[in-house]
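Novice: This is the structure, below, for whatever I ask next.
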Amino acid sequence: MERNKTVHLVDDDDAVRHALGVFLKGAGFEVCEYSSATDFLDECPGVNGGVLLLDQRMPGMSGMELQARLRQLGVFIPVIFITGHGDIQMSVAAMKAGAMDFLEKPFDNSELLQSIHEALRKAVGKRREWKQRCEAERRYSSLTSREQEVMGYIVQGMSSRAIAEQLGLSNRTIEVHRARVMSKMAAGSLPELVRMAAMCKSCLTPGS
């Protein structure tokens, strides 16, 4: 478990922030409160560990928009959403984007504590996974559009000859693109490239 027991609480409702802040401090956590997503973004360069307890619907930037922005910035922090306006589609989208939990108000305080402790327990492994994914996406973004297209076919298991026929290019040209893809992605083997593609959410299958 991470040693940092800080809860970064982002909610535009003053009463909710106060009540949760008092409860969490009483439970042994250090609490940093923010009234908006942009307030947290202003401070996030100095954030090191802990958990982000995040309201979904707020004026201006929503909770899920903040989650997406943190991903763009390469900032990892375990996210637990709290909302009074949740639905199944929203919670699924949040979890797919990497959220640890999605709690609907009013929730039981014991449920909240359990979720926070679980997020802290998983944080070390998740942080490692996050860094690997961000690195894979950084490498993928360094590819040219043609190299990204070729990579998409490579990870489907297509041979260079088949890719050449698909794209109307010479086999030699595809071999050059393949070599550049493997080099830029720092992949030592096809299985390693496939794993990177699976981690890289911006890596789309050709034609999708």
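What follows draws every value from the coordinates through simple rules; no lab data is involved. Every value quoted in this text rests on a predicted model; they were computed, and no experiment measured them. For neighbour counting, all protein chains shown are included, and Cβ atoms are generated from backbone atoms with ideal geometry for every residue, glycine included.
Novice: With a sphere of radius 14 Å drawn around the Cβ of MET58, what net charge do the other residues whose Cβ falls strictly inside it have (Lys, Arg +1; Asp, Glu -1)?
Specialist: Values: positive: ARG17, ARG57, ARG69, LYS105; negative: ASP11, ASP12, ASP13, ASP14, GLU33, ASP39, ASP55, GLU65.
Here the count lands on -4.
Novice: Between ARG128 and GLU192, what FRET efficiency comes out of the Förster formula 1/(1 + (r/R0)^6) with R0 = 22 Å and r the beta carbon distance, rounded to 0.05?
Specialist: 0.85
Novice: What size of dipole, in debye to the nearest 20, comes out for the chain about its Cα centre when the only charges are +1 on Lys and Arg C-beta atoms and -1 on Asp and Glu C-beta atoms?
Specialist: Result for the chain is approximately 1260 debye, rounded to the nearest 20.
Novice: If I stretch the segment between GLN89 and SER170 completely, what's the gain in nm (0.36 nm per residue apart, minus their alpha carbon distance), one decimal?
Specialist: Working it through step by step, the gained length comes to 24.6 nm.
Novice: Please label the shape of region 142-199 as rounded, prolate or oblate, based on the square roots a ≥ b ≥ c of the eigenvalues of the alpha-carbon gyration tensor (a/c under 1.5 means rounded; beyond that, a/b larger than b/c means prolate, else oblate).
Specialist: Prolate is the answer for region 142-199, as a/c is 1.5 or above and a/b outweighs b/c.
Novice: Rg/Rh for the chain: what does it come to with C-alpha atoms and Rh from Kirkwood?
Specialist: 1.10
Novice: Once fully extended, how much extra length lies between THR144 and ALA19, figured as 0.36 nm per residue of separation less the alpha-carbon to alpha-carbon distance?
Specialist: Additional length available on full extension: 39.9 nm.
Novice: Right, something else. Starting from the 7 Å offset along Cα-to-Cβ, what nm value, one decimal, do you get for the label separation of GLN72 and ARG121?
Specialist: For the pair GLN72/ARG121, the computed spacing is 3.5 nm.
Novice: Can you give me the C-alpha center-to-center distance between region 148-203 and region 111-137, rounded to a whole angstrom?
Specialist: 30
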